[in-house]
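The block underneath contains the structure these notes are about, expressed in structure tokens.
None of the figures in this text is laboratory data; all of them are computed from the coordinates on show. Just so it is clear, the model here is predicted, and its values are computed rather than measured. Here the Cβ positions follow ideal geometry from the backbone for every residue, glycine too, while neighbour counts run over all protein chains shown.
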Amino acid sequence: MAKAILILTCEHASNRLPAAFKKAVPAEVLKTHRAYDIGAVQVYRKLVKFAKPEFYCEGKFSRLFVDLNRTITNKSAFSEYLRNNENAKAQATAYWNEYRAAIEKFVDSALKPKTRATKSEPTIIHLGIHSFTPVLNGKVRNTDIGILYDPTRPQERAYANVIKAEIKRLYPAMKVRFNYPYKGSSDGLTTTLRKKFGPQYVGIEIEINQKFFL
Ligand SMILES: [Zn+2]
């Protein structure tokens, strides 16, 4: 059986801003879901301890500085607070590149053919831990956990099913939905890594309702 290599990431872990740009975003906004994924980093850190992934990393700045889960050329990578600040954008881009490069470097080396005599190729299982606001634009989101994956990729579908079954086994009352509240195939870290590494890479995002943390 092919070896599965687990990696865990948490792009929206933090609501901090670099000291130089602290005043760019109002303090009230930094406390909200717009600045970070409330509760996600706590779940992510528990999972790191429990599952002992071979690689893991968390964002250290708010997505209002730069969104690590958007392609850097995507307009929404930068928030309205810093979009027109060239200095902030340059620093944010450097930070974004560093974060993405560390993950890609690990995946690349893990998937490189080893000299040892093994015929089976490893699979990277990447779980990105996120959370979503329970009410958006006045509409209550009636789901507890979303599992995002690309439906055109059979291996991702299989892993998504396993994760859903395990959540339901542990917490039968949980409302679990696939590709909710977002689509797994939208622009993001997993989408980039799929394109770059092909079928040996399995990218799944776990979206947890913030009502559990508020
Ligand atoms: Zn997120």
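Things to note:
- Once both labels are positioned 7 Å from their Cα atoms along Cα-to-Cβ, the gap between K105 and V140 label points is 4.8 nm.
- Estimated Rh, the chain: Kirkwood, alpha-carbon pairs, angstrom: 18.1 Å
- A full extension of the chain between A165 and A4 corresponds to an added length of 56.1 nm, given 0.36 nm per residue minus the alpha carbon distance.
- In loop segments of the range 113-214 as defined by DSSP, the trypsin sites (Lys or Arg not before Pro) with at most 11 further C-beta atoms inside 10 Å of their C-beta are K114, R116, K119.
- Distance between the range 39-85 and the range 117-170 - C-alpha centres, whole angstrom: 17 Å
- Cross-link reach is defined here as a Cα-Cα straight distance under 19 Å, omitting same-chain residues fewer than 8 places apart; for K164 the aspartates and glutamates meeting it are D144, D150, E156, E205, E207.
- Electrostatic dipole magnitude of the chain [Cβ: Lys, Arg +1; Asp, Glu -1; Cα centre; debye, to 20]: 300 debye
- Eligible lysines near K114 by straight Cα distance, threshold 17 Å, same-chain separation 8 or greater: K3, K105
- For the range 96-182, the Cβ-based charge dipole about the Cα centre amounts to some 240 debye (Lys, Arg positive; Asp, Glu negative; other atoms uncharged).
- Normalising the average separation of contacting C-alpha pairs (under 8 angstrom, six or more residues apart) by the number of residues puts the relative contact order of the chain at 26 percent.
- N87/D187 FRET efficiency (R0 30 Å; Cβ-Cβ; nearest 0.05): 0.75
- Within straight-line cross-link reach of K75, aspartates and glutamates at Cα separation under 16 Å, skipping those fewer than 8 residues along the same chain: D67, E86, D187
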